[in-house]
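Report on the following structure.
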Amino acid sequence: MRILIVGGGTGGTIIANNLARRLAPEIRKRKASITLLSASDKHMYQPGLLYVAFGQMMPDELYRDQASLLETSVDFHVDPVEDFLLDQNRVKTKGGAIYDYDTLVIATGSRTMANKIPGLEEGAESFYTEAGAISMFKKLREFEGGKIAMVVGVPHKCPIAPVEAVFSLHDYFIRRGIRDKVEIKYHYPINRIHSIENVALWAKPQFDEMGIEYETLFNLEEVDV
């Protein structure tokens with residue numbers, strides 16, 4: 001059984017290691033193999049980007065060598081896939097290599113698409129990329145008071161991140177001694193403040209206690225910049 005995993009992010013790494021452990025006897029007997037293809041030899045711990053945005057971590061602290069995070073039985077290659085030949089059970093890489101498989105795992109991750117909403121890309125900050133987190137850190141450092149709107153669409157990466165970001169804003173401005181000068185408002189597109197019901201039930205009284213306003217059924221259409 002040839003297992004091919006495309007993507008060396010959090011999902012691809014976890015799947016590769018879990019399968020390598022579960023299939024260890026089969027791999028030793030050469031009845032199974034696991035190959036992982038990634039676009040980079042570095043692995044970035046994406047949840048840490050939120051801490052970069054608030055100055056609690058440096059970007060370089062988020063990186064590790066991808067090979068060091070994988071079980072030794074995983075055959076790892078830095079060669080991004082350019083074409084999925086699904087009817088042939090194979091992929092073609094940027095380097096021209098062909099990889100055949102019996103089972104394919106696509107773990108290429110998700111991307112934010114701020115350019116799909118007019119004004120959002122140039123009129124808002126985001127912590128979902130390294131560049132975005134650095135930019136957000138700089139903007140927050142210069143912020144001396146006013147209104148901050150946290151706007152979320154679904155689905156979003158890291159389920160708890162929007163709520164965690166709002167709490168982090170609250171704590172950040174307390175540390176700077178300007179919380180009384182900042183109005184924080186959280187917007188969510190469904191009829192509660194989080195898609196996970198238990199999170200919504202827990203977070204709502206926390207918001208009330210911290211003085212964080214919130215609005216549900218809010219779906220962003222445009223940012224007036």
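Of the numbered criteria (1) in contact with a Phe, Trp or Tyr (Cβ under 7 Å, 6 or more places away or on another chain); (2) assigned to a helix (DSSP H, G or I); (3) closer than 30 Å to Glu164 by Cα, the one Ala67 fails is (3).
For Pro47, the conditions (1) modelled with pLDDT of 95 or more; (2) surrounded by fewer than 17 Cβ atoms within 10 Å (Cβ to Cβ); (3) farther than 20 Å from Ala97 by Cα all hold with the exception of (1).
Given the conditions (1) charged (D, E, K, R); (2) at pLDDT below 95; (3) more than 18 Å from Asn219 (Cα to Cα), report the number of the one that Glu121 does not fulfil. Of the numbered conditions (1) charged (D, E, K, R); (2) at pLDDT below 95; (3) more than 18 Å from Asn219 (Cα to Cα), the odd one out for Glu121 is (3).
The combined condition, being of a type outside the set (Asp, Glu), in contact (Cβ under 8 Å) with a residue 40 or more places away in the chain and loosely packed, with under 14 Cβ neighbours inside 10 Å, is not fulfilled by Arg175. Taking the stated definitions as given, is Tyr63 hydroxyl-bearing (Ser, Thr, Tyr), in contact (Cβ under 8 Å) with a residue 24 or more places away in the chain and not assigned by TED's automatic domain parsing to the domain that holds Asp171? Spelling it out, it is not the case that Tyr63 is hydroxyl-bearing (Ser, Thr, Tyr), in contact (Cβ under 8 Å) with a residue 24 or more places away in the chain and not assigned by TED's automatic domain parsing to the domain that holds Asp171.
State whether one or more residues within the stretch 133-141 are under 27 Å from Asn219 (Cβ atoms) and in contact with a strand residue (DSSP E or B) (Cβ under 8 Å, 6 or more places away or on another chain). Before the answer, list the steps.
Start the filter on the stretch 133-141 by keeping residues that are under 27 Å from Asn219 (Cβ atoms), which leaves 133, 135-136, 139-140.
With in contact with a strand residue (DSSP E or B) (Cβ under 8 Å, 6 or more places away or on another chain) added as a condition, the list becomes none.
Taking every residue of the stretch 133-141 in turn, none turns out to be under 27 Å from Asn219 (Cβ atoms) and in contact with a strand residue (DSSP E or B) (Cβ under 8 Å, 6 or more places away or on another chain).
Please enumerate the residues belonging to the stretch 81-97 that are surrounded by fewer than 17 Cβ atoms within 10 Å (Cβ to Cβ) and either hydrophobic (A, V, I, L, M, F, W, C) or part of a loop (DSSP other than H, G, I, E, B) (or both). Passing the criteria: Phe84, Leu85, Leu86, Asn89, Lys94, Gly95, Gly96, Ala97. Residues in the stretch 11-44 that are surrounded by fewer than 17 Cβ atoms within 10 Å (Cβ to Cβ) and either in contact with a Cys (Cβ under 6 Å, 6 or more places away or on another chain) or in a helix (DSSP H, G or I) (or both): Gly11, Ile14, Asn18, Arg21, Arg22, Ala24, Pro25, Glu26, Arg28. Check whether at least one residue in the stretch 193-203 is free of Cβ contacts under 8 Å to residues at least 12 places away in the same chain and surrounded by 15 or more Cβ atoms within 10 Å (Cβ to Cβ), and report yes or no. Scanning the stretch 193-203, I find at least one residue that is free of Cβ contacts under 8 Å to residues at least 12 places away in the same chain and surrounded by 15 or more Cβ atoms within 10 Å (Cβ to Cβ), so the answer is yes.
Out of Glu121, Glu130, Glu142, report the one residue that is without any contact (Cβ under 8 Å) to a residue 12 or more places away in the chain and within 18 Å of the chain's Cα centre (by Cα). Outline the logic, then answer.
Working: Glu130 fails: without any contact (Cβ under 8 Å) to a residue 12 or more places away in the chain; Glu142 fails: within 18 Å of the chain's Cα centre (by Cα).
It is Glu121.
With respect to being acidic (Asp, Glu), free of Cβ contacts under 8 Å to residues at least 12 places away in the same chain and out of contact with any Phe, Trp or Tyr (no Cβ under 9 Å at 6 or more places or on another chain), Asp100 falls outside the description.
The values are calculated or read from the model by the stated rules, or taken from the named source; none is laboratory data. Note that this is a predicted model, so its numbers are computed, not measured. Cβ: placed from backbone, ideal geometry, glycine included. Neighbour counts: every protein chain shown.
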